[in-house]
Every structure is written in structure tokens, then in C-alpha cells.
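Report on the structure given below.
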Amino acid sequence: MCSIGLFFLVLYLNVLSMGYSFFEYVHFISRKMECWLVVWGVLLLALNYYERRHKDAILS
């Protein structure tokens, strides 16, 4: 999910070349559902890391 979301973030960087400011770009991508995949992907990665670390601590 993170990879797909990052792909769309880079793809939407073309909006900056059309004269939009950085803040307009952030506003634009915040309304796109596919860009929220980055947030969900990072949360899932963090959750997986935490669970794995917690599980290894219990087994040790």
C-alpha cells in the first residue's frame, strides 16, 4: 500500500509544474484517496514492527 501511495504522490508532482504552489499541492493530494494509502501503509508497517518486537521479547 505504501508503494502504491508513493507512486501516486510522485505522479501528482506534475501538478507543481503546472504552476501550483506547494501548499496547493498538499491540499490537492490530501483529497485523493490513493495518496492516503501512504499513511495506511506506514501505520501497518509500524504495527507489524511493534508486534514482531513484542513477540520476540516474550519468546526470549
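Residues that are surrounded by 11 or more Cβ atoms within 10 Å (Cβ to Cβ), outside any helix (DSSP H, G or I), at pLDDT below 90 and not hydroxyl-bearing (S, T, Y): does region 1-12 have at least one? Yes, that holds for at least one residue.
Here is a list: G41, G19. Which entry is at positive phi, out of contact with any Ser or Thr (no Cβ under 6 Å at 6 or more places or on another chain) and not aliphatic (A, V, I, L, M)?
Within the list G41, G19, the selection yields G19.
If you take the residues of region 13-26 that are part of a helix (DSSP H, G or I) and not aliphatic (A, V, I, L, M), which of them is farthest from the chain's Cα centre (by Cα)? If we take residues in region 13-26 being part of a helix (DSSP H, G or I) and not aliphatic (A, V, I, L, M), then S17 is farthest from the chain's Cα centre (by Cα).
The values are calculated or read from the model by the stated rules, or taken from the named source; none is laboratory data. None of these values were measured; they are calculated from a predicted model. Methodologically, a virtual Cβ is constructed for each residue, glycine included, from the backbone with ideal geometry; neighbour enumeration extends over all protein chains shown.
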